[in-house]
Amino acid sequence: MRITDARVIVTCPGRNFVTLKIFTDEGVTGVGDATLNGRELTVASYLTDHVVPLLIGRDPARIEDTWQYLYRGAYWRRGPVTMSAIAAVDTALWDIKGKVAGLPVYQLLGGRSREGVTVYGHANAETVDEVLEEVARYRDLGYKAVRVQTAVPGLDATYGVSKDKMFYEPADAALPSESAWSTERYLDFVPSVFARVREEFGPDLKLLHDVHHRLTPIEAGRLGHALEPYALTWMEDPVPAELQEGFRLLRTHTRTPIAVGEVFNSIWDCHTLITEQLIDYIRATVVHAGGITHLRRIFDLAALYHVRSGSHGATDLSPVCMSAALHLDVSIPNFGLQEYMRHTPETDEVFPHGYWFEDGYLHPSEEPGLGVDIDEELAARYPYQPAYLPVSRLMDGTVHNW
Ligand code: EZ4
Ligand code: CO
């Protein structure tokens with residue numbers, strides 16, 4: 001079997017997505033997600049201009065060889081653009097392999113390790129009273145785990161708080177919007193939110209919170225310590241993670257579990273975090289971390305050090321990425337949790353998929369391959385629209401981490 005063509009499809013059914021579709025001489029096709037929120041067209045160009053010409057004529061069965069060819073062959077290693085492009089190719093090739101074998105991809109990865117994939121939803125609101133209602137809504141839908149984010153009194157906009165409750169979309173402006181940040185107000189307020197939520201919902205519901213890279217290690221240590229009575233499942237991205245050694249300081253100050261890695265693109269971004277047991281959950285994803293092949297390598301390393309998976313699953317990761325993630329989630333031994341932000345009906349229509357939600361669990365499709373496709377005709381009706389993520393500034397105007 002040979003690859004005959006590969007198309008890069010950019011579409012905006014409510015938000016932008018970049019998708020690679022690979023075609024073969026035997027009519028079997030495969031899809032891969034290549035969406036990099038706010039920088040979408042760079043990956044589209046990387047694929048169209050520099051990767052698609054290398055795919056034509058290759059044997060689609062050689063997944064590992066193609067991965068190494070694109071990674072080593074570029075000479076310039078790692079980075080979100082390169083690794084998202086490689087991820088798209090890798091994901092599409094796993095899809096093809098599954099279809100050729102007549103098996104869902106999770107069977108090729110070793111088969112099921114669990115009955116379903118535990119997912120968490122996002123309860124968010126302006127006030128604590130409202131957020132209690134949101135948490136109740138997720139609990140009533142069957143969710144076993146809920147991320148809780150609220151507005152902070154005195155701040156105009158806070159990460160994770162959305163107008164449309166089910167479809168949070170931070171990339172919302174043709175040019176980046178800006179918001180003001182105060183660490184003092186945030187640290188003062190957040191523990192009181194979790195005190196109320198834990199009191200209302202009891203010990204069983206898993207609670208999570210995303211700090212979104214806003215703190216220093218010692219500030220994060222203080223927050224984690226203050227949250228210990230409320231037994232969070234994780235505190236996410238407490239500090240920017242370029243300085244992996246920085247987590248040693250944070251780790252000595254709190255027993256609140258830590259989840260990091262949604263912006264990581266390779267095993268080298270997290271090898272110190274994992275091998276020194278500085279984190280508890282690794283949040284790398286299929287689309288941004290080199291596809292199923294490389295993400296499985298990260299999860300296997302993590303398994304040796306008691307680190308579990310907690311893959312990113314925001315709306316900017318397409319249903320193609322979610323489909324691929326679920327095949328990994330259901331098969332690996334060290335699965336932890338999977339983030340699940342629902343897509344809009346327009347997005348779901350452009351990407352017909354076979355995964356489904358029931359009673360707090362997502363289930364991968366049983367169809368051969370990944371069980372997802374892109375409707376190219378429908379996709380063409382939603383042209384690309386520039387959309388940027390916001391920028392955050394301190395009260396004195398200094399650029400901070402969004
Ligand atoms: O801000 O995916 O945990 N989820 C997140 C997301 C990220 C977006 C950025 O594109 O932090 O909401
Ligand atoms: Co996050």
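Only the coordinates and a few stated rules stand behind these numbers; no lab work does. Everything quoted here is computed from the prediction, not taken from an experiment. So basically every Cβ, Gly included, is an ideal-geometry build from the backbone, and we count neighbours across all protein chains shown.
Couple of notes before you dig in:
- Charging the Cβ of each Asp and Glu at -1 and of each Lys and Arg at +1, and nothing else, the dipole of the chain about its Cα centre rounds to 1020 debye.
- Rounded if a/c under 1.5, otherwise prolate or oblate - the chain, Cα gyration tensor axes: prolate
- Alpha-carbon centroids, the range 1-60 and the range 144-201: separation in whole Å: 35
- Cβ-to-Cβ counts within 10 Å put 46, 382 in ascending order as 382, 46, the fewest first.
- Here the residues 43, 197, 89, ranked from fewest to most Cβ neighbours within 10 Å of their Cβ, fall in the order 197, 43, 89.
- Length-normalised contact order of the chain in % [C-alpha pairs under 8 Å, at least 6 apart]: 23
- Seen from residue 119, the other residues with C-beta closer than 13 Å to its C-beta sum to a net charge of +1, counting Lys and Arg as +1 and Asp and Glu as -1.
- The order of 29, 256, going from fewest to most other C-beta atoms within 10 Å of their C-beta, is 29, 256.
- Pairwise centroid distance, computed over Cα atoms, of the range 209-284 with the range 341-402, Å: 25
- Check: the range 3-104 dipole with +1 on Lys, Arg Cβ and -1 on Asp, Glu Cβ, in debye: 300
- Dipole of the range 108-367, positive direction: furthest Cα of 151, 290, 109, with charges on the beta-carbon: 109
- Partners of residue 206 within straight-line reach, counting lysines whose Cα lies under 29 Å from its Cα and excluding those fewer than 8 residues away in the same chain: 144, 163, 165.
- GNM result for the chain, Cα springs below 10 Å: residue of 115, 377, 40 fluctuating most strongly: 377
- Local electrostatic count at residue 273 - Lys and Arg +1, Asp and Glu -1, tallied over other residues with Cβ under 14 Å: -4
- Taking 218, 86, 298 in turn, the Gaussian network model of the chain (Cα-Cα springs below 10 Å) assigns the largest fluctuation to 218.
- 27 Å Cα-Cα reach of residue 99 towards lysines, excluding residues that sit fewer than 8 places from it in its own chain: 21
- Dipole magnitude for the range 222-336: computed about the Cα centre from +1 point charges on Lys and Arg Cβ and -1 point charges on Asp and Glu Cβ, it is near 220 debye.
- Residue-averaged [θ]222 nm for the chain, counting only DSSP H segments that reach four residues, each worth -39500 (n - 2.57): -10000 deg cm²/dmol
- Environment charge of residue 151, counting only residues whose C-beta is closer than 11 Å and scoring Lys/Arg +1, Asp/Glu -1: -2
- Each of 57, 42, 70 was placed along the dipole of the range 1-82 (beta-carbon charges, centred on the mean Cα), and the one lying farthest toward the positive end is 42.
- Cα gyration tensor shape of the range 3-104, rounded if a/c is under 1.5, else prolate or oblate by comparing a/b with b/c: oblate
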